[in-house]
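Heads up, the thing below is written out as structure tokens.
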Amino acid sequence: MKVRIGLGFDLHRLGPGSHLILGGVEVPHGKSFIAHSDGDVLCHAVVDALLGAAGLGNIGERFPDTDPKYKGMSSLTFVTEVAGLLEQNGFRIENIDSNILAERPRLLQYFPAMRKKLAAASGIPVEKISIKAKTMEGLGVIGTEEAIAAEAIALVSFE
Ligand code: MG
């Protein structure tokens, strides 16, 4: 078995709203993402980690934000599509680890639902998906709640 590793990062600005979508899960919040899609930074980071591991480009090439087709779409769809693409190219996803960088809200209680959704979308067992969260201790654009970011890392194997 040979393996490859991929890294993904994404950040979206926050604006007025009532909830966030993270890992495909609706999280009640006083702000929402300003984005062409649902702004799900966790899904976007996971997609880039998977594409990066397989050497298959990046999210911007695959799902251009100028394409009206992707407007308001659930970003879990991107994860599903990319998981399929990897499979077609002979890659198996071994595991995905991630961090959500957000000052608020506290996300711990949503991790089980997020992991379940990401597992279903990527076609791997929930045990192979890890999600963690960090605050920025009030510093920078994340600390002042102007943005939320996520980073992900994925290991894929092939023959
Ligand atoms: Mg994005």
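Just so it is clear, none of the values below were taken in a lab; they were calculated from the coordinates. Keep in mind the model is a prediction, meaning the values are calculated, not measured. As a convention, Cβ positions derive from the backbone with ideal geometry for all residues, glycine included, and neighbour counts pool all protein chains shown.
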Quiz item: Which one of Ile131, Ile100 is in contact with a Phe, Trp or Tyr (Cβ under 6 Å, 6 or more places away or on another chain), within 21 Å of His19 (Cβ to Cβ) and crowded, with 20+ Cβ neighbours inside 10 Å?
Solution: Ile131
Exercise. Go through (1) within 11 Å of the ligand (Cβ to nearest atom); (2) closer than 19 Å to Phe111 by Cα; (3) not polar (S, T, N, Q) and name the single condition Pro28 misses.
Key: (1)
Exercise. Please find, within the range 49-74, the residue that is nearest to Phe111 (Cα to Cα) out of those that are within 9 Å of the ligand (Cβ to nearest atom) and part of a helix (DSSP H, G or I).
Key: Ile59
Exercise. Report the residue count in the range 75-92 for those that are out of contact with any Ser or Thr (no Cβ under 6 Å at 6 or more places or on another chain) and either outside any loop (DSSP other than H, G, I, E, B) or without any contact (Cβ under 8 Å) to a residue 12 or more places away in the chain (or both).
Key: 11
Quiz prompt | Residues located in the range 1-23, provided they are in contact with a Leu (Cβ under 9 Å, 6 or more places away or on another chain) and more than 14 Å from the ligand (Cβ to nearest atom) | solution = Val3, Arg4, Ile5, Gly6
Quiz prompt | Long-range neighbours under 6 Å by Cβ, at least six apart or interchain, first residue of a type in the set (Phe, Trp, Tyr) within the range 120-135, second part of a loop (DSSP other than H, G, I, E, B) and surrounded by 14 or more Cβ atoms within 10 Å (Cβ to Cβ) | solution = none
Quiz prompt | Extreme residue, nearest to Ile93 (Cα to Cα), among residues of the range 36-57 that are free of Cβ contacts under 8 Å to residues at least 40 places away in the same chain and more than 13 Å from the chain's Cα centre (by Cα) | solution = Leu56
